[in-house]
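Asks: Quick one: the structure is below, questions incoming.
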Amino acid sequence: MPFHISVELLEPLYQATAMDGERAEWPPHPARLFCALVAHADLKDTAHRMALTWLEAQEPPVVTVPARPMEAEHPRAAWVVTNIVDPAKVTHGLLPGRTAGGVPRAWAQKTLSGTRVVFSWAAEPGDELAPALKELALRVPYFGRSTGAGLLDAWCGPDEAHDEWRRRWRPAANGEYPKGSRPIRIPYRGYLAWLEEAFEEQRPSWSQAVTHHYLDPDHTDRDEAAVAEGPFGDLLTFSFAPGVALDPRWTLELTGRLRGAVMSTLEAMGHDVPAMTTVHGHKNSPDDPRPVAYFALPFAGHRHADGRLLGLGIALPREMPKHDRKALLDALLHHDGGLCQIRLADGEPLDLERVSPADQDSWPLTVQPWAWQGPSAVWTTVLPMVLDRFPKKNEEAAWADSIAASCIAAGLPKPARMRVSPRAGLAPGVRNTDGFQLRRKDRERPLPSCHVRLTFPVPVSGPVVLGSKKNFGLGLCRPEPDFQEDDQ
């Protein structure tokens, strides 16, 4: 019989922050449950240790959660007692949880349609381990943040009845990353030992995280015809080294250098690069397939965002010829260890690290591919869009016509609505258009630029990039699936 651990929350709220530090974690991660069991176990007790060792070695569990959760409009906030032990440094004797000029800590949370979460493993622990696992579950007083009081239980038996008010997140096959799946942290063989080592070295438990992709039930249940496919099928992303963040006004310089590095690698591999129009982007005829797009990825959309670049990306068009695609992937992922560096104009190296689908959840959201892929009906530029042509008149309607034509040229539907800003960004952290390099060559026409927020008649899958410099990253858009017109 399958083995289950249930969590009955005392409030229809789940309080746990995702790895991006901004949104609430969803669904609840099995690794979080395992860490809760470890935190309340007696690790000197042989039965407890054997039970945890058995659990970490199992295949990832199915996670059953309430349907249609909503991100809370306001995060949970509270004053937290400081760790100051030196009386000379106490800033407020009457309220030790506060510091001078401080603000309360905040935690993201989900508002749920129910209070029950169930983790289900296909294996059965047996009569010796089942009582120990049940004892550990009953010891845990909360799930997620300490304010998320809950009652845990463990048992063996058939799966609970499924209905429209519950969703089952099922693990994908090992090594597979299906469209619409999401990386979720799981326990694994040796996890308990790694957690003990992290504790001794005063490192956080998430530093030992390993992720597995789970199938989003709302994605698989969705009518795919209701989503318009964008022109790009895959997005490979590369992060700068930790602590490296570059001015977004370098976008054309960086993407040009990225393109040059790719072409040089292909030439070194013996490919006829001039014939690979999808890679170098210069079509020989209008019938040639759409070229690859080279991106720079800015930190934008978060309330603390500053718009600086944290990595690079390469988007592969759906219509890319198979031989070009295979050669490009070999160059990026395998040849000589894969793409790990580009050279800047002054010859200085810029180190890159591939964001693999297997561990992408451990990277900042900005460099995770799915953060740019949607689908979403609303998309907002995070880098200025350079128009494909001059508007006939310097009027909003003429700009809108030009932008709509750019959407169609980019392989996207015609927007149902749009907001155009000739200068200022339309999302947190987005830099205004002043000072951006908008021409790759001096002889190019100085076309106008702007920021836009586009609302399409149906959700569109990304990445979405617009304008005359779309193949070099300007006009890159961020999905805003939760955006409402009243927010404007």
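Asks: With the condition being modelled with pLDDT of 90 or more and open to solvent by less than 30 Å² (accessible area, probe 1.4 Å), I'd like the strands (runs of 3 or more DSSP E) fully within segment 331-433 carrying at least 3 qualifying residues. Can you show your working first?
Replies: Details: elements: 341-343, 349-354, 376-381, 417-421.
Hits in segment 331-433: 376-381.
Asks: Which numbered condition in (1) of a type in the set (A, V, I, L, M); (2) under 20 Å from residue 437 (Cα atoms); (3) assigned to a loop (DSSP other than H, G, I, E, B) is the only one that residue 320 fails?
Replies: (2)
Asks: Got at least one residue in segment 138-147 being over 21 Å from residue 355 (Cα atoms), modelled with pLDDT of 85 or more, among the charged types (D, E, K, R) and open to solvent by 50 Å² or more (accessible area, probe 1.4 Å)?
Replies: Yes - at least one qualifying residue is present in segment 138-147.
Asks: Filtering segment 89-112 down to residues that are modelled with pLDDT of 85 or more and of a type outside the set (Val, Ile, Thr), which residue is farthest from residue 66 (Cα to Cα)? Please lay out each step first, then the result.
Replies: Keep residues of segment 89-112 that are modelled with pLDDT of 85 or more, which gives 109-112.
Right, trim to of a type outside the set (Val, Ile, Thr) and you get 109-110, 112.
Values: 109: 14, 110: 11, 112: 6 Å.
Among those residues, the one meeting the criterion is 109.
Asks: Just give me the residues in segment 1-31 being open to solvent by 30 Å² or more (accessible area, probe 1.4 Å), touching a helix residue (DSSP H, G or I) at 6+ places or on another chain (Cβ under 9 Å) and of a type outside the set (Gly, Ala, Ser), in sequence order. Let's see the steps before the verdict.
Replies: First, the residues of segment 1-31 that are open to solvent by 30 Å² or more (accessible area, probe 1.4 Å): 1-2, 8, 10-13, 17, 19-23.
This time we only want the ones that are touching a helix residue (DSSP H, G or I) at 6+ places or on another chain (Cβ under 9 Å), so: 19-23.
Matches in segment 1-31: 19, 20, 22, 23.
Asks: Same structure, new question: In this structure, is residue 237 open to solvent by less than 20 Å² (accessible area, probe 1.4 Å), in contact with a helix residue (DSSP H, G or I) (Cβ under 6 Å, 6 or more places away or on another chain), among the β-branched types (Val, Ile, Thr) and not in a helix (DSSP H, G or I)?
Replies: yes
Asks: For segment 302-344, how many residues meet the condition of being closer than 26 Å to residue 425 by Cβ and not acidic (Asp, Glu)?
Replies: Kept after step one, since they are closer than 26 Å to residue 425 by Cβ, are these residues of segment 302-344: 302-315, 344.
Subset that is not acidic (Asp, Glu): 302-305, 307-315, 344.
Residues that pass the stated criteria total 14.
Asks: Filter segment 152-189 down to the residues that are loosely packed, with under 14 Cβ neighbours inside 10 Å and among the aromatic types (Phe, Trp, Tyr) and list them by number.
Replies: 165
Asks: Now for a different question. Could you list, in sequence order, the residues of segment 151-194 that are among the acidic types (Asp, Glu) and free of Cβ contacts under 8 Å to residues at least 40 places away in the same chain?
Replies: Keep residues of segment 151-194 that are among the acidic types (Asp, Glu), which gives 153, 159-160, 163-164, 176.
Those that are among the acidic types (Asp, Glu) and free of Cβ contacts under 8 Å to residues at least 40 places away in the same chain: 163, 176.
Asks: Please determine, by comparing only the residues of segment 325-339 that are among the small types (Gly, Ala, Ser) and out of contact with any Lys or Arg (no Cβ under 9 Å at 6 or more places or on another chain), which one is nearest to residue 277 (Cα to Cα).
Replies: Pass one, segment 325-339, residues among the small types (Gly, Ala, Ser): 327, 331, 337-338.
From the residues that got through so far, the ones that are out of contact with any Lys or Arg (no Cβ under 9 Å at 6 or more places or on another chain) too are 327, 331, 337.
Values: 327: 13, 331: 16, 337: 25 Å.
Checked segment 325-339; the qualifying residue nearest to residue 277 (Cα to Cα) is 327.
Asks: Considering only residues that are of a type in the set (Val, Ile, Thr), closer than 27 Å to residue 306 by Cβ and surrounded by fewer than 21 Cβ atoms within 10 Å (Cβ to Cβ), which ones fall in segment 434-458?
Replies: Matches in segment 434-458: 455 only.
Asks: Looking at (1) surrounded by fewer than 19 Cβ atoms within 10 Å (Cβ to Cβ); (2) closer than 29 Å to residue 242 by Cα, which is the only condition residue 326 fails?
Replies: For residue 326, the exception is condition (2).
Asks: Whether any residue in segment 257-280 is part of a loop (DSSP other than H, G, I, E, B), of a type outside the set (Ser, Thr, Tyr) and under 28 Å from residue 306 (Cβ atoms) is what I want to check.
Replies: Pass one, segment 257-280, residues part of a loop (DSSP other than H, G, I, E, B): 269-272, 276.
Now restrict to residues that are of a type outside the set (Ser, Thr, Tyr): 269-272, 276.
Going one step further and asking which of them are under 28 Å from residue 306 (Cβ atoms), we end up with none.
Within segment 257-280 (the criterion being part of a loop (DSSP other than H, G, I, E, B), of a type outside the set (Ser, Thr, Tyr) and under 28 Å from residue 306 (Cβ atoms)), the answer is no, since none of the residues qualifies.
Asks: Taking the conditions exactly as written (charged (D, E, K, R) and touching a residue at least 60 places away in the same chain (Cβ under 8 Å)), does residue 453 satisfy them or not?
Replies: Numbers: charged (D, E, K, R): yes; touching a residue at least 60 places away in the same chain (Cβ under 8 Å): yes.
Answer is yes for this residue.
Asks: From the list 311, 301, pick out the single residue that is surrounded by fewer than 21 Cβ atoms within 10 Å (Cβ to Cβ) and either part of a strand (DSSP E or B) or under 17 Å from the mean Cα position of the chain (by Cα) (or both).
Replies: Values: 311 fails: surrounded by fewer than 21 Cβ atoms within 10 Å (Cβ to Cβ).
Exactly one of 311, 301 is surrounded by fewer than 21 Cβ atoms within 10 Å (Cβ to Cβ) and either part of a strand (DSSP E or B) or under 17 Å from the mean Cα position of the chain (by Cα) (or both), namely 301.
Asks: Could you count how many residues in segment 278-298 are surrounded by fewer than 19 Cβ atoms within 10 Å (Cβ to Cβ) and either closer than 24 Å to residue 339 by Cα or not basic (Lys, Arg) (or both)?
Replies: Step one: filter segment 278-298 for residues surrounded by fewer than 19 Cβ atoms within 10 Å (Cβ to Cβ), giving 280-289.
If we keep only those that are either closer than 24 Å to residue 339 by Cα or not basic (Lys, Arg) (or both) too, we end up with 280-282, 284-289.
The number of residues fulfilling the criteria is 9.
Asks: Please specify each residue of segment 172-216 satisfying the condition of being modelled with pLDDT under 85 and assigned to a loop (DSSP other than H, G, I, E, B).
Replies: Once the filter is applied, which keeps residues that are modelled with pLDDT under 85 and assigned to a loop (DSSP other than H, G, I, E, B), segment 172-216 yields 174, 175, 176, 177, 178, 179, 180, 201, 202, 203, 204, 209.
The values are calculated or read from the model by the stated rules, or taken from the named source; none is laboratory data. Computed from a prediction, not measured in an experiment: that's the story for all the values here. Counting neighbours? That spans all protein chains shown, and the Cβs are built from the backbone with ideal geometry, glycine included. When the accessible area is computed, the model is the full protein with side chains, heavy atoms only, and any ligands, DNA or RNA have been set aside. Shrake-Rupley method; radii C 1.70, N 1.55, O 1.52, S 1.80 Å.
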